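Values quoted throughout were computed directly from the atomic coordinates according to the rules given, and no laboratory measurement underlies them. Here the structure is a predicted model, which is why all the values come from computation and not from measurement. Cβ: placed from backbone, ideal geometry, glycine included. Neighbour counts: every protein chain shown.
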Amino acid sequence: MATVIQEDLNFNHIVSKQFDRAAQYLKINPALLSQIKACNNVYYFQFPVRFSDSHYEIFEGWRAEHSQHRKPVKGGTRFSELVNQDEIMALAALMTYKCAIVDVPFGGSKGGVKFNPKKYTPNQLEKITRRFTAELIRKEYIGPGENVPGPDVGTGEREMAWMADTYDTFHPGGIDNLACVTGKPVSQGGIAGRREATGRGVQYGIREAFRYPDDLKPLGLTPGLEGKTVVIQGFGNVGYYAAKFLSEEDGVRVIGIGEWDSVVTKPDGLDIEALNEWRKGTGSIKNFPNAKTNLKPESVWDIPCDILIPAALENQITLENCDRIKAKVLAEAANGPTTPGAEDVLHARGVMIIPDIFLNAGGVTVSYFEWGKNLSHMRFGRLQKHLEEIKNQKLVGAIERLIGKELDREDKNFLVRGPEEIDLVNSGLEETMVSAYQHIRDVHYLKAPTDSMRVAAFIIAIQKVALAYEQLGIFP
Ligand code: GLU
């Protein structure tokens, strides 16, 4: 008889366990630690939506606020059949820690509605989203200075625009209304680069992790991304952009992509853009030409590769399947993809785990830029762009005079051009990911070696949140 592996898969318990592992290293008042760990408030509600005169449906919705040590609180909005209160609370907690790690001055929150958005028409989705938002407004679980939702699994720019518009309708004349939600379309108060931000952050985070020969040597890896192979579970917003940006790095091959219905593999590297087009056309990645399709989604774990990126949901890598993993680096783009039991097994095997609360923080980082832009009522770069162009012109002119010839036209255009919003966003994001990684690395490898990079990341987060509480005069 096969042995049944017992593992607590309650996501909220898992995040608490991760917290406790780090808290052991800290000399912080236990009452303060309990306060930080607890989810402060959760709003659970049911709301009816009328789709036609004869057809009503009742939906279950949540918005959890994990910590208000900084305000507003921030976090995505999940539309999925799997949504439940424990999940939303766990995700809200992860938002608190992630924001602290990347120095985004927000507390953590998360919301969601339990339903499958794929089964509804755009009109129906609009009704559900607006009704959900109205409920958040009623209880002040949304607002530019209180609680700022963003996108998550099952939601995107369209839903964020509906939420912003609903909020605006209920707050006529509110000058900062647009800052009530992030991830909006650029034409409606959004910011360039937000859609790609989580995937971009994953690319920057992994690139930084591959810069330290001493860390990579025990894994048998050379520094730099050149020549590395990547497998990704999930081809949604995060997985797709992570795949796209990593495949654009010199010499990186994305050799496998897994989705809910199949896995496609190609040893010399998948063409990510073509795969995306194929999925748009056929509704699935399966049978992508010139690649191998495996109809067993869990076969994604068996593919030998350097970097494995879970970019779907929580609790994907468990005690049941972790032995199948052959990757040297596990780069967590999803929230909570690895259970503590699986993490222990992988560590014992020497796998490097780049933790979610750092690696997927690019989304909320760029949301922070969007929020700031909305509050300033000005596009990034507007003030300095022209000034920088004038300076650059002068500099290029001086160089040309000095070397006695004109620079190549393309180089010149690049050098002279002042920064656009997207340049500033990406540069701010890269700086954020690089310095956050260096901080985690410092704590994990150098200061007082911790069990894992996750523990180091939690230590940093807990210390920052504790400091904020102390500055607020609570727990002095
Ligand atoms: N869903 C994103 C995350 O899990 C955050 C969304 C946002 O608030 O920008 O990090």
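So the values come out like this:
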| item | result |
| --- | --- |
| Label-point gap, in nm, between residue 222 and residue 446 - each point 7 angstrom along Cα→Cβ | 2.6 |
| Anisotropy class of the range 1-120 from Cα gyration tensor, a/c 1.5 cut | oblate |
| Linear extension gain, residue 176 paired with residue 470, 0.36 nm per residue minus alpha-carbon span | 102.9 nm |
| Burial order of peptide ranges 250-261, 35-46, 406-417 (average beta-carbon count within 10 Å, highest first) | 250-261, 35-46, 406-417 |
| Residue 51/residue 298 FRET efficiency (R0 30 Å; Cβ-Cβ; nearest 0.05) | 0.25 |
| Efficiency of FRET from Cβ geometry, residue 290 and residue 71, R₀ 56 Å, rounded to 0.05 | 0.65 |
| Protection-proxy order for peptides 146-152, 311-317, each taking the mean of Cβ atoms within 10 Å per residue, highest first | 146-152, 311-317 |
| Under 15 Å, Cβ to Cβ, from residue 377 - net charge with Lys/Arg +1 and Asp/Glu -1 | 0 |
| Cross-link pairs beyond the 23 Å C-alpha cut-off, checked among 127/373; 110/139; 71/184; 27/464 | 127/373 |
| The chain - percent relative contact order, Cα under 8 Å, separation 6 or more | 15 |
| Burial ordering of 95, 433, fewest other beta-carbon atoms within 10 Å first | 433, 95 |
| Net charge over other residues, Cβ less than 11 angstrom from the Cβ of residue 88 (K, R count +1; D, E count -1) | -1 |
| Share, in percent, of DSSP beta bridges within the range 1-113 that are antiparallel, nearest 5 | 75 |
| Cα gyration tensor shape of the chain, rounded if a/c is under 1.5, else prolate or oblate by comparing a/b with b/c | rounded |
| Simple label model, 7 Å out from Cα along Cβ direction - residue 408 to residue 139, nm | 5.9 |
| Residue exposure sequence - 28, 128 - by fewest surrounding Cβ within 10 Å | 28, 128 |
| Burial ordering of 458, 51, 59, fewest other beta-carbon atoms within 10 Å first | 51, 59, 458 |
| Residues residue 214 and residue 389, FRET efficiency given R0 of 56 Å [Cβ-Cβ distance, rounded to 0.05] | 0.85 |
| Separation in nanometres of the label points that stand 7 Å from Cα toward Cβ, at residue 324 and residue 26 | 3.6 |
| Radius 10 Å from Cβ of residue 297, net charge of other residues (Lys, Arg +1; Asp, Glu -1) | -2 |
| Cα gyration tensor category, rounded, prolate or oblate, for the range 175-278 with a/c compared to 1.5 | oblate |
